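Everything on this sheet refers to the single structure shown next.
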Amino acid sequence: FKKVSVSYKNIHSGIPYSKQTVENCMQETLNFFYYILRNREDTNFVLKDIGTLVIRGTEVTMAYCKDFILSLSESTYVVEKLLTVSLL
């Protein structure tokens with residue numbers, strides 16, 4: 001597996017919680033997600049105001065919220081690609 005670094009400092013900026021609180025929440029979420037993937041469990045991972053990541057067996061799909069897609073109107077290429085998937 002390839003490891004990806006998470007910048008808690010960047011995530012922390014603009015929200016009213018301490019860097020430590022953000023780091024702890026992110027770590028717990030990543031631990032939970034890793035547990036689900038490792039045990040090959042089906043799940044829906046909801047990203048508020050963005051969409052839902054759906055894992056069923058070996059199939060992974062992302063269903064984006066219509067408002068999220070419309071918020072990307074500045075990037076026509078991204079919107080066109082996202083509109084090819086089912087909207088919530």
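Some values worked out for this structure:
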| item | result |
| --- | --- |
| ³J(HN,Hα), Karplus 6.51/-1.76/1.60, whole Hz, each residue of segment 57-72, x for Gly, Pro | x, 9, 9, 10, 10, 10, 10, 8, 6, 4, 4, 5, 4, 5, 5, 8 |
| Sum of side-chain charges, I55 neighbourhood, beta-carbon under 14 Å (Lys, Arg +1; Asp, Glu -1) | 0 |
| Potential lengthening between L70 and T52 on full extension [0.36 nm per residue; Cα-Cα distance subtracted] | 4.9 nm |
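Each value in this text was obtained by applying a stated rule to the coordinates, not by laboratory testing. This is a predicted model, so every value here is computed, not measured. FYI the Cβ positions are ideal-geometry reconstructions off the backbone, even for glycines, and counts take in every protein chain you see.
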